[in-house]
Amino acid sequence: MESVYAGKEDCSGCGACFSRCPEQAITMEADEEGFLYPKIDAAQCLDCGICRAVCPLLHEGHYKEQELSRFYVARHKSADVLLQSTSGGAFTALSDAVLRQNGVIYGADYDEDFRVLHRRAETSAERDRMRISKYVQSDITQVHAQIKSDLKEGRMVLFTGTPCQTAGVRAFIGDSPLAKKLYCCDLVCHSIPSPLIWEEYKKLLEREQGAKLAGVQFRSKKDGWSRANSNKGFLFRTESDSRLQEDDRFYHLFFKVGAITRSSCSACRFTDLQRASDLTIADYWGIEKYSPQWFDPLGVSLIMLNSVKGADLFARCKEDLLSEEREKEESLSEQKRLREPVQLPPERSRFWQEYKQFGFAHIIEKW
Ligand SMILES: Cc1cc2nc3c(=O)[nH]c(=O)nc-3n(C[C@H](O)[C@H](O)[C@H](O)COP(=O)(O)OP(=O)(O)OC[C@H]3O[C@@H](n4cnc5c(N)ncnc54)[C@H](O)[C@@H]3O)c2cc1C
Ligand code: SF4
Ligand code: SF4
């Protein structure tokens with residue numbers, strides 16, 4: 001087999017093909033934009049077709065099932081949890097319910113250099129590191145085998161991630177009896193930025209500050225949680241200055257220019273109500289209009305229950321979460337990414353050409 005995918009829009013980098021290849025003939029390699037794609041070693045490839053059969057973007061139905069379609073507004077009871085979460089702390093409540101059952105959590109974390117990658121958590125301290133949306137594509141390649149091994153040991157597993165990553169995990173585990181204890185929670189996903197541009201941006205901050213980064217936080221609530229503030233509030237600190245500083249240049253490239261997004265996001269297969277997950281979590285945008293008593297400047301979550309399993313897990317969160325069922329039309333009214341994929345800007349290829357030719361300093365100055 002020459003390639004698993006036909007064009008860049010047909011691969012989200014979920015890694016299912018890489019993890020399922022029986023010959024380990026596939027490696028995940030970064031392209032010139034820093035996004036991971038599978039590469040087949042022709043000398044090792046048996047041409048068995050497993051990689052294409054498992055790929056969630058090629059698979060008919062994309063591993064989606066729809067047993068339920070119920071919508072809730074929710075907010076964690078702890079103000080402290082709200083402050084340390086992106087939205088209303090749904091992730092913390094769901095993951096605590098799994099940890100109480102001696103289960104395992106998978107989610108996006110940082111390594112010591114603030115690269116974004118998926119990790120495994122068995123304690124609330126490890127889970128806490130997964131809180132807060134990180135607007136960089138996480139490297140998921142190491143966790144598939146760990147998930148399988150946890151399931152084989154009979155552990156309950158909660159996987160959290162973007163919808164395409166969640167479909168990849170479902171594809172990897174398949175219909176085997178192991179899937180019974182696998183709970184998948186995806187996000188409403190705007191799109192995902194380039195790890196290479198994130199690396200460049202961190203280096204730029206370190207050069208300007210003359211010190212290594214010691215902490216980063218997307219989506220801080222320093223000005224409160226609201227739609228208007230959702231693309232603001234990136235904070236960082238360095239080893240030489242413990243004060244939190246704000247900088248909006250990465251956000252600008254992501255949300256305003258839009259050029260650092262993965263190509264496959266413009267053809268995303270996961271922007272509808274048929275989900276490849278048991279639950280979907282998001283910001284409850286617009287709640288102040290429909291039910292002002294639910295608005296909280298510390299954050300409010302939208303939780304979608306997509307399966308009976310998802311509803312069971314949600315029911316176990318009662319002691320931590322305040323919630324109320326809401327009408328579908330209301331819940332979806334401000335969720336564009338549940339209707340259509342993001343559009344890539346027409347100047348995207350010029351952006352990357354200029355980056356290649358002139359480097360990041362030029363890009364950040366000009367764009
Ligand atoms: C790239 C991205 C785009 C998003 N787009 C939208 C949107 O358009 N509309 C909307 O309403 N909500 C969007 N969200 C979801 C929202 O920002 C919150 O992540 C979600 O509501 C959970 O908040 P919380 O308070 O429950 O949990 P938090 O405690 O903030 O938990 C964060 C959760 O996000 C996961 N996560 C964080 N970063 C990543 C990453 N890079 N890749 C995969 N998983 C990650 C963690 O594993 C964890 O499960 C997006 C999130 C991400 C990461
Ligand atoms: S979407 Fe996933 S399974 Fe499909 S080619 Fe890309 S990495 Fe492989
Ligand atoms: S927009 Fe779609 S393809 Fe892009 S990261 Fe999100 S789920 Fe994956």
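The values are calculated or read from the model by the stated rules, or taken from the named source; none is laboratory data. Owing to the predicted nature of the structure, the values given are computational and were not obtained by experimental measurement. We place every Cβ from the backbone using ideal geometry, glycine too, and count neighbours over all the protein chains shown.
Residues that are near ligand 2 (Cβ under 10 Å from one of its atoms) and more than 19 Å from the chain's Cα centre (by Cα) do not occur anywhere in region 60-76. Within the bounds of region 247-257, is there any residue that is at pLDDT 95 or above and either among the small types (Gly, Ala, Ser) or part of a strand (DSSP E or B) (or both)? Within region 247-257, not a single residue is at pLDDT 95 or above and either among the small types (Gly, Ala, Ser) or part of a strand (DSSP E or B) (or both). Taken over region 28-85, the residue count meeting the criterion of being of a type in the set (S, T, N, Q) and within 27 Å of Ser264 (Cα to Cα) is 2. Of the residues that make up region 27-37, is at least one assigned to a strand (DSSP E or B), within 16 Å of ligand 1 (Cβ to nearest atom) and within 30 Å of Ala311 (Cβ to Cβ)? The answer is no, given that none of the residues of region 27-37 is assigned to a strand (DSSP E or B), within 16 Å of ligand 1 (Cβ to nearest atom) and within 30 Å of Ala311 (Cβ to Cβ). Just one residue in the set Ala97, Ala79, Ala93, Ala74 is exposed (fewer than 15 other Cβ atoms within 10 Å of the Cβ) and of a type in the set (A, V, I, L, M, F, W, C); that residue is Ala79. Of all the listed residues (Leu99, Leu94, Leu82), the sole one being closer than 18 Å to Lys148 by Cα, more than 15 Å from the chain's Cα centre (by Cα) and outside any loop (DSSP other than H, G, I, E, B) is Leu99. Among the hydroxyl-bearing types (Ser, Thr, Tyr) and closer than 19 Å to Arg170 by Cα: does that describe Tyr63? Yes; evaluated as a whole, the condition is true for this residue. Candidates in region 46-79 are the residues that are under 27 Å from Ile287 (Cβ atoms), of a type in the set (Gly, Ala, Ser) and in a loop (DSSP other than H, G, I, E, B); of these, the one that is farthest from ligand 3 (Cβ to nearest atom) is Ser78. Inside region 27-49, can you point out the residues that are more than 8 Å from ligand 2 (Cβ to nearest atom) and either surrounded by 18 or more Cβ atoms within 10 Å (Cβ to Cβ) or of a type in the set (Lys, Arg) (or both)? Residues satisfying the conditions are Glu33, Gly34, Phe35, Lys39, Ile40. At least 2 residues being more than 16 Å from ligand 2 (Cβ to nearest atom), acidic (Asp, Glu) and more than 19 Å from Ala93 (Cα to Cα) is the threshold, and among the helices (runs of 4 or more DSSP H) wholly inside region 278-353 those reaching it are 328-332. Selection of region 199-241 for residues being acidic (Asp, Glu) and touching a residue at least 24 places away in the same chain (Cβ under 8 Å) yields Glu199, Glu200, Glu206, Glu239, Asp241. The set of residues from region 183-216 being more than 14 Å from ligand 1 (Cβ to nearest atom) and more than 21 Å from Trp367 (Cβ to Cβ) comprises Gln209, Gly210, Ala211, Lys212, Leu213, Ala214, Gly215. Ala179 falls short of the stated requirement of being of a type in the set (A, V, I, L, M, F, W, C), assigned by TED's automatic domain parsing to the domain that holds Met304 and out of contact with any helix residue (DSSP H, G or I) (no Cβ under 7 Å at 6 or more places or on another chain).
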